[in-house]
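Single-structure report; data block below.
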Amino acid sequence: MADSSFDIVSKLDQQEIDNAINQAQREISQRFDFKNTGATIARSGDHAVEISANADDRAAAVLDVFRDKLVKRNQSLKVLDASEPRQSGRESKISVQLKEGISQDQAKKVGKLIRDEGPKGVKVQVQGDELRVSSKKRDDLQAVIALVREQEYDFAVQFTNYR
């Protein structure tokens, strides 16, 4: 029987991020507490979001609205790396980086966890910014998924290509 496998990845769902940004912008334009504050949220490249308002607390409130929209769209907040509010002329801006991929150090930690605490006979390979986990038994793979889900990592974890 051939090995079964799956991949552990940390990827962004760009469409859901765009939808969350659009919903946040719509809410900001309609809410009374954001009137005349110049509050905006917009994409800044593929992996960044720019938030601006006329005060630090308003910019932070826009970030909170964006986080709420991401949660409602089932996206992990671990993909966000928000900077502190900074002054840019009369505006206060927050740059939010969108993190994607698993670094080599993080992949090594996850691989070591699976080898140490996972079922015997499970193989882990680092492939770029993702991990491939394979085993002869599908039940072992299910146990590995449960083990990885229990851990708290500083990156979002998804499981793909389960076969």
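The values are calculated or read from the model by the stated rules, or taken from the named source; none is laboratory data. What you see is a predicted model, and the numbers here were worked out from it, not measured in a lab. We place every Cβ from the backbone using ideal geometry, glycine too, and count neighbours over all the protein chains shown.
Tabulated results
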item	result
Residue in region 1-23 that is farthest from D64 (Cα to Cα), counting only those that are of a type in the set (G, A, S) and surrounded by 12 or more Cβ atoms within 10 Å (Cβ to Cβ)	S4
Yes/no for I94 being β-branched (V, I, T), touching a strand residue (DSSP E or B) at 6+ places or on another chain (Cβ under 8 Å) and assigned by TED's automatic domain parsing to the domain that holds N19	yes
Scope region 24-43; condition under 16 Å from A55 (Cα atoms) and surrounded by 16 or more Cβ atoms within 10 Å (Cβ to Cβ); matching residues	I28, F34, T37, A39, T40, I41
Which numbered condition V49 fails, given (1) aliphatic (A, V, I, L, M); (2) touching an Asp or Glu at 6+ places or on another chain (Cβ under 9 Å); (3) within 27 Å of G128 (Cβ to Cβ); (4) without any contact (Cβ under 8 Å) to a residue 60 or more places away in the chain	(2)
Listing of helices (runs of 4 or more DSSP H) fully contained in region 47-163 that carry 3 or more residues being under 17 Å from L12 (Cα atoms)	56-72
Verdict on V96 being touching a Leu at 6+ places or on another chain (Cβ under 6 Å) and either crowded, with 19+ Cβ neighbours inside 10 Å or at negative phi (or both)	yes
Selected residue (criterion: surrounded by the most Cβ atoms within 10 Å (Cβ to Cβ)) from residues of region 66-93 that are under 18 Å from T40 (Cβ atoms) and small (G, A, S)	S92
Residues that are of a type in the set (K, R) and at pLDDT 90 or above, drawn from region 32-57	R43
Cross-chain or 6+ apart pairs with Cβ under 8 Å, region 1-29 first and free of Cβ contacts under 8 Å to residues at least 40 places away in the same chain and not assigned by TED's automatic domain parsing to the domain that holds V126, then of a type outside the set (G, A, S) and buried (at least 16 other Cβ atoms within 10 Å of the Cβ)	Q25/T40; Q25/I41; I28/F34; I28/T40; I28/I41; I28/V62; I28/V65
Residue under evaluation V110, criteria (1) within 23 Å of the chain's Cα centre (by Cα); (2) over 17 Å from A48 (Cα atoms); (3) surrounded by fewer than 16 Cβ atoms within 10 Å (Cβ to Cβ), criterion not met	(3)
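Condition check ((1) small (G, A, S); (2) in contact (Cβ under 8 Å) with a residue 60 or more places away in the chain; (3) more than 17 Å from A107 (Cβ to Cβ); (4) outside the structural domain of G111 (by TED's automatic domain parsing)) across all residues:
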site	(1), (2), (3), (4)
V124	no, no, no, no
E130	no, yes, no, no
V133	no, yes, no, no
D140	no, no, yes, no
A143	yes, no, yes, no
L147	no, no, no, no
E152	no, no, no, no
A156	yes, yes, no, no
